[in-house]
Amino acid sequence: MIDPRYGPQEAAGVWVHLEHEAGELASVSKEILGRARALADERQEPLTAVLMGSGVGGAALEAVSLGADEVLVAEHPLLDPYTTAPHAKVLDALVAERKPDILLLAASPDGRDLAGRLAVRLRTGLTADCTDLRINPENGLLVGEVTGFGQGILATIECPDHRPQMATVRPGVFQRPEPDASREGRVEKIAVELSEADRPVRVMRRSLKHGVDITQAERLVVAGRGVSGDLALLKRLARLLKAEIGGTRVAADAGWVGHDRMVGQTGSVTHPKLALVCGVSGAFQFTVGIQDAGTVIAINSDKDAPIFDVADVCVVDDVFQVLPRLIEYLESEKKKNGRSD
Amino acid sequence: MSELKIVVCLKVVPKSEEVSVNPETNTLERGNARSEINAADMNALQLALDLKDTHGGSVTLVSMGPPFAERYLRLGMAMGADAGYLLSDRAFGGADTLPTSYVLAEGVRALQECDLVVCGEESSDGATGQVPAGIAEWLDLPQVTGVTTAQLLPKSRLIRARRELHGGYEVVEAPLPCLVSVRLGANEPRFIDFQRWDWALEEAPVTVWSAADLNLDESLVGLKGSATVVAGVAAAATAERRREFLSGTAEEKAEQLLERIKNWTRA
Ligand SMILES: Cc1cc2nc3c(=O)[nH]c(=O)nc-3n(C[C@H](O)[C@H](O)[C@H](O)COP(=O)(O)OP(=O)(O)OC[C@H]3O[C@@H](n4cnc5c(N)ncnc54)[C@H](O)[C@@H]3O)c2cc1C
Ligand SMILES: Nc1ncnc2c1ncn2[C@@H]1O[C@H](COP(=O)(O)O)[C@@H](O)[C@H]1O
């Protein structure tokens, strides 16, 4: 085997690498903290969070309120914004020194970027893009559940001999914990030494709108290729239903919706009470993103589209025939209610 | 800059819609599944070929896989690549990302000169985008993952690339040599160039390298070199859905939808 840097005997503790944008914790990191708290309790171990960047003090306190016993804060101008090399260097040094048993990161663009690099540097195993995490009661190992072997296949992965047991977690799969301001935790500043030579890649420009978080939307209207870029229609519908707009990969790649609104394996796992899915074929990589929805309504002109296998209400018809009428009815319904109020 | 040398890592994957779980043994059945070049790798190849069209130089394909993968390397050469290397050995089988990235990195290293390694962002059959960062680590190269477009600045030996982020994007510059991974759907892969077809099928050089050819220790590759084990495989439980089909004209369906939506949103 490829020898790990340290083994199970020396390893202890559950660590979470926290992602943030301008000092604000990413929702996926909050979700991971919630689950990691439960894993740490089960193993009767402390939960450590790692924050890297600059100006992240507020986020450290938030991490404590969300379950961390200890927050390691590494601040340096070269850690902001994120690039791989300096982050990998700092986190690798921390891990090698303190030897955590479990290290969890977000399956976000930056989280994956860092996790893949770090796992090889640490010569350890990485279970990527987990949809669930638990502890195997028989051997105490972290069990990561992953999908993506194609049509509806789930695999569970363990890392028996290498440490830390690393996993990245898909956004939206775990519940966000309620913050508890009375929780106590230790915040430790880590001394960081970095020079320009540690940062080969430079960020020239960074444009971030406040990314929309569709994982928490109560209602979702989803655009697929079948809506042919006519988002005006869907937006009207979404406004009437007080819903967020989501899209398939096709819709996101075509620029009809932002990539932050993509539903599915590469996009997000959503939990709406109601998902209205329009002109979507229902590829497995998409449907994993709506499997937790309360009710799924699908509109598709092809009666054999696989989306109908995972829908509660199936409308075999042209979206351009059905939606304008539905909008018209909803509008007149609204007017009626407006008058009676 | 001397001639630009680009290496593209191409993976041959089973068509995901044709892989299933054997309900009795809980193992993956890939037996009858047809194969294809991993979709994101087609985008990686397209990006590399565009750079070659602009700046000259060569594109070399590297793949780790079974012998039949050679055909797919030839397909890539018909699209415009110049040479192919297939890293193929029984000992490579069953690898997780740690040994996979190791073998690919050793393959790239054995090519000796390389300015840019281009990978797909993720493969469709399970692994999810960890191999490119792993290759970069083994080779000690800077990395830029999740790229949609890239330009080369040959004078300053930099690559300028755009990365998609949650809710936005960033533009970064990385010094050559480096590794980039390309997002699925970042571009339109070109068609096969029929002028190259006969050459690609018959004459184009495909070199097969085994573990011994690469001087690799067998205990570091394949299943033996892996850190993770698959503890179980199962068919995903899917939520039971009602699958109620509405009937009538578009208007009638819209009316029925309205009634249902009203009920749900009230509840
Ligand atoms: C590694 C990997 C990861 C992926 N991750 C994701 C992901 O996270 N999310 C995702 O969505 N996809 C993902 N995909 C892509 C996925 O496989 C599908 O290609 C994608 O979901 C298809 O999008 P679509 O349904 O919009 O388009 P299509 O598959 O083209 O379907 C369009 C549908 O619209 C219907 N239609 C056309 N016109 C009309 C009309 N007028 N009225 C009604 N219906 C109409 C058609 O019948 C068709 O069923 C991934 C793929 C890979 C390989
Ligand atoms: N066996 C392989 N042969 C060649 N390239 C590979 C192989 N496995 C992974 N890659 C490359 O790494 C990328 C990401 O793969 P993965 O990390 O498996 O999702 C792919 O798109 C390929 O470019």
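Quick note: the coordinates plus some simple rules give every number you see, no bench work behind them. Everything quoted here is computed from the prediction, not taken from an experiment. Virtual Cβ from ideal backbone geometry, glycine too; neighbours counted across all protein chains shown.
Only Cα pairs under 8 Å and 6+ residues apart enter the sum, and on that basis the relative contact order of chain A stands at 15 percent. Counted by Cβ distance under 13 Å from A:VAL169, the other residues give a net charge of +1, where Lys and Arg count +1 and Asp and Glu count -1.
Helix B:70-79: angle to the longest alpha-carbon principal axis of chain B, degrees 0 to 90, nearest 10? Once rounded, one gets 90 degrees.
Counts of other chain beta carbons within 10 angstrom of each beta carbon in peptide B:219-228 average 5. Largest GNM mean-square fluctuation among A:VAL28, A:VAL315, A:VAL73, using chain A with Cα springs under 10 Å: A:VAL315. The three principal axes of the Cα atoms in the stretch A:294-341 give end-to-end lengths of 42, 25, 7 Å, sorted in falling order. In the elastic network of chain A, a GNM with C-alpha springs shorter than 10 Å, the most mobile of A:PHE320, A:PHE308, A:PHE286 is A:PHE320. So, in Å, what gap is there between the alpha-carbon centers of the stretch A:62-84 and the stretch A:265-313? Comparing the Cα centres of the stretch A:62-84 and the stretch A:265-313, I get a distance of 36 Å. Axis angle, to the nearest 10 degrees, between helix A:84-98 and the longest C-alpha principal axis of chain A: 50 degrees. Among B:LEU10, A:LEU105, sorting on how many other beta-carbon atoms sit within 10 Å of each Cβ, with the fewest leading, yields B:LEU10, A:LEU105.
Only Cα pairs under 8 Å and 6+ residues apart enter the sum, and on that basis the relative contact order of the stretch A:1-132 stands at 30 percent.
Taking label positions 7 Å along the Cα-Cβ direction at both B:ALA110 and B:GLU218, the computed distance is 1.6 nm, reported to one decimal. A crude spin-label estimate for the pair A:GLU328 and A:SER195, with each label 7 Å from Cα along the Cβ direction, gives 7.3 nm.
Taking every C-alpha pair closer than 8 Å and separated by at least 6 residues, the mean separation divided by the residue count of chain B gives a relative contact order of 24 percent.
Kirkwood hydrodynamic radius, the stretch A:150-192, all distinct C-alpha pairs: what's the number in Å?
Working: mean 1/r = 0.0642 Å⁻¹.
Here the Kirkwood hydrodynamic radius works out to 15.6 Å.
Taking a ≥ b ≥ c as the square roots of the Cα gyration tensor eigenvalues, with a/c under 1.5 meaning rounded and otherwise prolate when a/b beats b/c, else oblate, which class fits the stretch B:96-155? Mind showing how you got there, number by number?
Numbers: a/c = 2.33, a/b = 1.21, b/c = 1.93.
Cα axes put the stretch B:96-155 in the oblate bin.
Provide B:LYS15, B:LYS155 in ascending order of the number of other Cβ atoms located within 10 Å of each residue's Cβ, fewest first. Least to most surrounded, the residues fall as B:LYS155, B:LYS15. Mind telling me which of B:VAL172, B:VAL182, B:VAL118 comes out most flexible in a GNM of chain B, alpha-carbon contacts under 10 Å? Largest GNM mean-square fluctuation: B:VAL172. Based on DSSP H segments of at least four residues, each scored -39500 (n - 2.57), chain B has a per-residue ellipticity at 222 nm of -8500 deg cm²/dmol. Diffusion coefficient of the stretch A:48-199 by Stokes-Einstein, Kirkwood radius over Cα pairs, 4 °C, 1.567 mPa s: 78 µm²/s. Quarter the surface of the alpha carbon convex hull of the stretch A:225-341 and you get the mean projected area, 7.1 square nanometres.
What do you get when you divide the Cα radius of gyration of the stretch B:44-144 by 2.2 N^0.38 Å, with N the number of residues?
Against the empirical 2.2 N^0.38 Å value, I get 1.05 for the stretch B:44-144.
Shape class for the protein assembly as shown, computed from the alpha carbon gyration tensor (a ≥ b ≥ c): oblate, with a/c not under 1.5 and a/b at or below b/c. The overall shape of the stretch A:176-278 is oblate: from the C-alpha gyration tensor, with semi-axes ordered a ≥ b ≥ c, the ratio a/c is 1.5 or greater and a/b is no larger than b/c. Comparing chain B with the 2.2 N^0.38 Å rule of thumb, its C-alpha radius of gyration ratio is 1.21 (two decimals). The angle between the Cα long axis of helix B:250-266 and the main principal axis of chain B comes to about 90°, on a 0 to 90 degree scale.
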